[in-house]
């Protein structure tokens, strides 16, 4: 990368970090005003729903388990594919 490209990249990162710091610094005052408005209006807290019975709870666990199983299966197949590509690459080098 050229020197101008590195300088431009550094400048972009610097400006974005300043914007992030400015946004974080201005948010506590906004949050304080929101809490004061909520206290004045006495808005009730929203309660999220949980599984109603054992069937819903088990179905959540089955879904999470299925997701992890599919992730591990994909990782296994990717590892096997990488091993095969490495084997073919080393075979080409030896010829």
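Where a number appears in this text, it was derived from the coordinates with a stated rule and is not lab data. Everything quoted here is computed from the prediction, not taken from an experiment. Because the Cβ atoms are built from the backbone with ideal geometry, glycine has one as well, and the counts that use them run over all protein chains shown.
How much length, in nm to one decimal, is gained on full extension between residue 68 and residue 14, taken as 0.36 nm per residue of separation minus their Cα-Cα distance?
15.6 nm
So how long is each side of the stretch 49-95 along the principal axes, counting just the alpha-carbon atoms, biggest first, in Å?
The principal-axis extents, from largest down, are 65, 15, 5 Å.
Any idea how far apart residue 75 and residue 7 come out in nm if each label point goes 7 Å out from Cα toward Cβ?
So the label points at residue 75 and residue 7 sit 4.5 nm apart.
If I stretch the segment between residue 84 and residue 58 completely, what's the gain in nm (0.36 nm per residue apart, minus their alpha carbon distance), one decimal?
That pair, residue 84 and residue 58, stretches by 5.5 nm at full extension.
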